[in-house]
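So the structure is just underneath, and the comments pick up after that.
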Amino acid sequence: MNEMSEVIAETPETPKAGKKRGKWTRRTFIGAGLLTGGALVVGVAIRSGKPPERLRAMLAGGDGEILVNSFVKIGKDNIVTAVVPHVEMGQGAHTALAQMLADELDADWNNVRILEAPGDGHFASHNIAREFLAPELKVPSVLEPTVDGGFLTLAKMMALQITGGSFSIRGTGQRGMRAAGAAARAMLVAAAAEKWQLPASEISVDRGIVAHAKSGKRAAFGELAEAAAKQALPAQPKLKTPKDFKLMGKPIARLDIPAKVDGTAIFGIDVQIPGQKLSYAAVKAPPVVGAKVAKMDASAAKAMPGVLQILNMGDFVAVVAEGYWQAQQALNQITVEYSKSDADKIDTAAIFAGYGKALDEAGADGGDTLAETGDAAAFFAKAAKKVTAQYHVPFLAHAAMEPMNCTAWVRGGLCDVWAGSQSPLGARNAAAKTLGISADKVNYHNTYLGGGFGRRSETDNIEMAVRIAKATGYPVKLIWSREEDTQQDWYRPSASSRFEAGLDASGKLMSWNNIHTHLFDPQEAPLVSYYNIPNSLIRKVDAPMHLRFGPWRSVDHSQQSWFIESFVDEIAEAAGKDPLALRRELLAKSPRHLAVLNRVAKMAGWGSALPAKHGRGIAIAQSFGSIVAEVAEVDLTAKKPRVTKVYCCADPGFAMNPDGYTAQMESGIIYGLTAALYGEIMVKNGAVQQSNFHDYPMLRMNEAPDIFVEIINGDAQRLGGGGEPGLPPLAPALTNAIRAAGGMRIRHLPVAKHFA
Amino acid sequence: MQQTKILFIGLILAALSACGSPAEEPAEQLIVAKPGAGAAPDSSPAPAAGDLASKGKAIFAAACAACHSVEAGEASGAGPNLHGILGAKAGRVKDFAYSQAMKTSGVIWTPMELDLLLANPAAKFPGTAMAAGKLTDAADREAVIAYLTDISK
Amino acid sequence: MKLTINGKMQEITADPATPILWALREQLGLNGTKFGCGIAQCGACTVHLDGRPVRSCSTPLSQAEGKSIVTIEGIASGDGALNRLQQAWISEQVPQCGYCQSGQIMSAAALLADNPRPSDEQINIAMAGNICRCGMYGRIRKAIKVAAGIDSERQQEAAT
């Protein structure tokens, strides 16, 4: 990630937690216009205050305005189309975003349709945007990103159409879709007032009908759309408060589900090009990342049925055939020699030894300080009781059900690309850059994603496919084998973390000193500001590694939450305290956290008797704006631990679609449980050892616990995410439960290796 | 939390310049055929069924042979090669990717274990790749186990 | 090679060793059946071969000759009304990404055909060959019980 360090170097102020900056102002702009056919369109744009030139160019093509693709279109046929700038990978964003817009608009849900914004970057029109100052947003709390961070997040996620960071609802939905819906509603009302010559204040809107009660006048949205487009934009579109919500907060059925039960939903792997015969490509990249193809012997493969082309691309080998299976069979017959490098010597043990060395060198006060309160080292030196621990987590693959794939057709200086990507604009730009053509020559088509989890924010599959398609000249569908998908991932990094805690004579936690190896983000993941600890020091050391790494569901929270919450339990054990009681003590000044913790404890019947060799573990984590606590119940009577129940309480501020939010918690719990129990990517001779579900196993239904989820709507003004926050507390709840059941204290994941 | 910003800038750059290198031409390009022209599919028939020497062999051919080879040294198919299965440990064949459930079971294949497996593979090994092959008739299982015993000699 | 697919006789020209999955997807355009692992470990490719669930990624065409295959596209009733499992999948809001769900529904359909009133344990066993990375196992279990008419909560709701 050279790009990242380059920007860090150029940032005038070295970022440090707690430092105030405020040079960005957040202003929301609404644009409206008339489409041919008399449809009203309303969109929302965000403009920065004084963006540095570099950023401005990157974000908005030079004019300082970041136009965002959250739109509503209201047609003469009364159909309300919510245009959403995020992709659907099962998280339910399409439906929830439409729900938010439709509620502010008071639309008839039966007439709402969803359109995913095309990845062309021009969906928003600069010409129809007129300035508008939104109500000033509140100063961010500990739960919100900083003004800077928040602004950039919003701009990036919306304008660049990236889906990730559990962002869609709390960002795009809260600040984009709702504003667009409210503005459109105000304009429809103004149009009716003008037509009927009645005061706007007496006009109401309900389920797609604009009405004036006293006179009995009524009009459907479609009748007013054209006139509405000519109305002045509202200076302050008023957003509803929860008491007026009609769709928000309701468990509305997801609109993408029917196509997912009858086989008609189109994923990237299902793409067909009308009128074109597709050929299929299978690929094999060097097992050691960065190696090149030194020699290829394709004599056997050449003679195999269906084979069309065999390509040595330098950094991978591809076979193009009439069918995918034929391509893969032929590929299996190709022998390849790869270039050698120092990375050939790396194995898992050496990687962790390197982490240990980096941590040793940093010592008690070295490394980069992320947060500091009081004097942790000084207190620790004189502490009545000292607790220390070291933890390790492995590399993890994403293992989305749909293996990576991409269909591309390159001809006449143009390129069409089909895939399911979390970053459609990134995919389009990657294709353009790879081919050396401008982005407007690339037509990118996004599909449903057969799982994303962060993997589909990378574009390596796109680049490979366009290179192959350029060589063939005819359309090619590239499909990775499961083996390739497992071995050529952008992995969740492995990491090590060390802790020292000091307790006073009364058993109170007085100091917390943590240092961990670090590669990724968000950098607040290792912070514990919600815990009331008088002296704390949190540091990181950079730990280079040769494997590619990328965002994996909840990113650094997946590691840090396990480190933190395991250590909290170790402190409780050392202090002779109940793990719940210690956390209550530590959360005395964090009422929302405490409420979540208490609720989950109550749900789980914390403290009630369990059979022998059974145990409960508790953990709490704050990530992506949401607070989630979980209790896992474990049965250790058999050879391997069995998780029987998981209780989860989440405070996302306000759950826009409670059933969708609950489903996200369930999903994060199973994804986290799979990883904690089994997940481990190992390296030998520089190469990833695991290859498919037989050696990188997944949790199955017979091992799936019963899951109970409750939601607290703690603050409707500050929404948190859903896709990721269910995951972080699961691993520590599990290992804490194993300890409580009389098992060992696990300090190295995955759990299964300790029970082999 | 200021770092959030830096990260996002990094991600934006990564998204906009995801591929650092310009378009790379293939180092070698072997063009064998054009799509739809030539490259006729292999039309050789499936191997003919052999003599049905015993009831078990016949049942095996109908219910099991789709996935399992039996000749010594023959490659595994959708299921592992079964030559010498009697008395062997589950998960022994090198060229087959066993499910975690099967591989870690520690089962030694006695006639009784085989009978349990064939009666309901998924119940014996939840998560097994053996989705088919259930024999509900005990007499059929007995015959197939007799055949497997025969070929394990 | 002749085989019956979703009730219709189809003629396929292909290497008999080709897995059924790829013939369905690439030759017949039946894309509802998914590729997940290629080694019968994940269940995304599950179809019915003469009524039995098989992993089509690992079952060669030669084994299907003259037999009947049913895919996700073929389990709705003739008039296009959804199968009771498909209906339950919607009412319980089961799918997230949805990629594994064709295979899940085909495994569940085979289970209910064999055992109309399965216990939780029997459901777990029958479904353990199907991986869902979105982790919707609890909802799948519930939807199977709703489809089978054995979900106690639902029955109580219906009664009141």
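Approximating the spin labels as points 7 Å out from Cα along Cα→Cβ, the A:D77-to-A:A303 distance works out to 5.9 nm. Placing pseudo-labels 7 Å out from each Cα toward the beta carbon at A:A350 and C:Q10 gives an inter-label distance of 4.9 nm. The ranking of A:K260, A:K217 by Cβ neighbour count inside 10 Å, starting from the fewest, reads A:K217, A:K260.
Computed on the Cα trace of the stretch A:499-648, the radius of gyration divided by the Kirkwood hydrodynamic radius gives Rg/Rh = 0.98.
Measuring max minus min along each principal axis, the C-alpha atoms of the stretch A:342-382 give extents of 45, 21, 13 Å (largest first). Set against the 2.2 N^0.38 Å expectation for a compact globular protein, the stretch A:233-325 has a Cα radius of gyration ratio of 2.03. With contacts taken as Cα pairs under 8 Å and at least 6 residues apart, the stretch B:55-151 reaches a relative contact order of 30 percent.
Over the stretch C:84-159, Cα pairs under 8 Å with separation of 6+ residues give a relative contact order of 43 percent. Arranged from fewest to most other beta-carbon atoms within 10 Å of their beta carbon, A:Y696, C:Y99 become A:Y696, C:Y99. Counting Cα-Cα pairs of the stretch A:409-526 in 5 Å increments starting at 0 gives whole-percent bin shares of 2, 10, 16, 16, 12, 10, 7, 6, 5, 5, 4, 3, 2, 1, 0, 0. Solvent-free Debye calculation, one equal scatterer per alpha-carbon of the stretch A:189-266: log10 I(q)/I(0) at 0.12, 0.18, 0.20, 0.24 Å⁻¹ equals -0.53, -0.86, -0.95, -1.14. Separation of the stretch A:665-713 and the stretch A:601-652, taken as the distance between their Cα centroids, equals 17 angstrom. Scattering from the stretch C:2-74 was approximated by placing one identical point on each alpha carbon and applying the Debye formula without solvent; log10 I(q)/I(0) at 0.25 1/Å stands at -1.20. Size descriptor for the stretch C:84-159, Kirkwood hydrodynamic radius: 12.3 Å (Cα pairs only, one decimal).
Largest first, the extents of the alpha carbon coordinates of the stretch B:55-151 on the three principal axes equal 31, 29, 22 Å. Note on A:K589 and A:K441: with the Förster distance fixed at 45 Å, the Cβ-Cβ geometry gives a FRET efficiency of about 0.20. Stokes-Einstein at 37 °C, 0.692 mPa s, Kirkwood radius from Cα pairs: D for the stretch B:107-153 in µm² s⁻¹? D = 300 µm²/s.
Extension gain, A:R745 to A:R113: 0.36 nm times the residue separation minus the Cα-Cα distance gives 222.4 nm. Treating each Cα of the stretch A:226-272 as one equal point scatterer and applying the Debye formula with no solvent, the log10 of I(q)/I(0) at q = 0.21, 0.27 Å⁻¹ comes out as -0.82, -1.03. In summary, the convex hull built on the alpha carbon positions of the stretch A:330-451 has an orientation-averaged projected area of 14.9 nm². Between beta-carbons, use under 13 Å as the cut-off and find the net charge around A:L586, counting Lys and Arg +1, Asp and Glu -1. Every neighbour counted, the sum reads +1. Counting neighbouring Cβ atoms within 10 Å and putting the fewest first, the residues C:W89, A:W409 line up as A:W409, C:W89. Expressed as a fraction of 2.2 N^0.38 Å, the rule-of-thumb size for a compact globular protein of N residues, what is the C-alpha radius of gyration of the stretch A:607-742? Normalised Cα radius of gyration, the stretch A:607-742: 1.14.
Extents of the stretch A:306-368, taken as max minus min of Cα coordinates on every principal axis and listed largest first, are 63, 21, 19 Å. Tally Lys and Arg at +1 and Asp and Glu at -1 over the other residues with C-beta under 11 Å from the C-beta of B:V93: what net charge comes out? My count for the surroundings of B:V93 gives +2. What the Cβ-Cβ distance of A:S341 and A:A612 gives, at R0 = 51 Å and to the nearest 0.05, is a FRET efficiency of 0.45.
Given the C-alpha atoms of the stretch C:1-143, compute the convex hull and give its volume per residue in Å³.
Per residue, the Cα convex hull of the stretch C:1-143 comes to 102 Å³.
All of the numbers you see were taken from the coordinates with simple rules; none came from a lab. Model, not experiment: these values are computed from the prediction. Cβ coordinates were reconstructed from backbone atoms using ideal geometry, including for glycine residues, and neighbour counts include every protein chain displayed.
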